[in-house]
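The structure appears right after this line, and notes come after that.
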Amino acid sequence: MKYRSLFAIGMALYAIASGAVAKDPMAELAEYCFVREESTQLMARGRDRGVSKEAVLASLPSGESDAEAAARSRLDDVYRFAQLDGRTLEAFRRASCIYQGMLGGVEPTFDDGIEASLLRCQQQPDTDRQSCVIRATKAALTSPLPREGRKQ
């Protein structure tokens, strides 16, 4: 009997302790974007091997889910920024995904200089490329970000 009550108390304390650890919403968003944009390099390789955008669009499901909308948006960027390699595009798409999350799901918009900035980032060594892309994406963002501390 004594062990049962200790077990019950232990389980209750575990439940309280595990609920007290709040997850970081930005870390969760970054992880989601990392996974969501993994196919960007694959799309860029197909583009570089001559696969047309129309052929890829024909193979995509025609639904309107978030995943399908993200795939179409990713495909648009891959073919719009034809000079960018897969790694640069993937870094840009991940940064763009994070901004989209910060904007409450609204696709962010960027000024016309984004491609030139990303091309400069592409010339950076791999160790510096990600931070360069993040800076360039933030500088070119034309969508207003919500202020910190203000509820959306």
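The Cβ shell under 15 Å around GLU38 holds other residues with a net charge of +2, Lys and Arg each +1, Asp and Glu each -1.
Here the 3J(HN,Hα) profile of the range 47-60, calculated from phi with Karplus coefficients 6.51, -1.76 and 1.60 at θ = phi - 60°, is 4, 5, 9, x, 6, 7, 4, 4, 5, 5, 4, 5, 8, 7 Hz, Gly and Pro shown as x. Across the range 26-41, rounded Karplus estimates of 3J(HN,Hα) from the backbone phi angles (6.51 cos²θ - 1.76 cosθ + 1.60, θ = phi - 60°) give 5, 5, 5, 5, 4, 5, 4, 5, 4, 5, 4, 9, 4, 7, 4, 4 Hz, Gly and Pro being marked x.
Shown is the FRET efficiency for ASP66 and GLN123, computed with R0 = 30 Å from the Cβ-Cβ distance and rounded to the nearest 0.05: 0.35.
Can you give the extra length, in nm with one decimal, that the chain gains between SER59 and ARG80 once fully stretched, where that is 0.36 nm per residue apart less the Cα-Cα distance?
The SER59-ARG80 span can extend by a further 5.7 nm.
Karplus-derived 3J(HN,Hα) values for the range 95-101, using 6.51 cos²θ - 1.76 cosθ + 1.60 with θ = phi - 60°, are 5, 5, 5, 5, 4, 4, x Hz; glycine and proline are entered as x.
Answer rounded, prolate or oblate for the range 46-152, using the Cα gyration tensor with square roots of eigenvalues a ≥ b ≥ c: rounded when a/c is under 1.5, else prolate when a/b is larger than b/c, else oblate.
Cα axes put the range 46-152 in the oblate bin.
Between the amide H of PHE110 and those of THR142, distances stay under 5 Å, these residues lying 5 or more places away or on another chain, with hydrogens modeled in the peptide plane.
At full extension, GLU28 and VAL106 could sit 26.3 nm farther apart than now, given 0.36 nm per residue minus the alpha carbon distance. With the highest mean first, a sort of the peptides 84-93, 68-77 on other beta-carbon atoms found within 10 angstrom per residue produces 84-93, 68-77.
Any read-out appearing in this document is the output of simple, stated calculations on the displayed coordinates, not a laboratory observation. Please read all numbers here as calculations on a predicted model, not as lab measurements. Note that we place each Cβ from the backbone using ideal geometry, even for glycine, and neighbour counts take in every protein chain shown.
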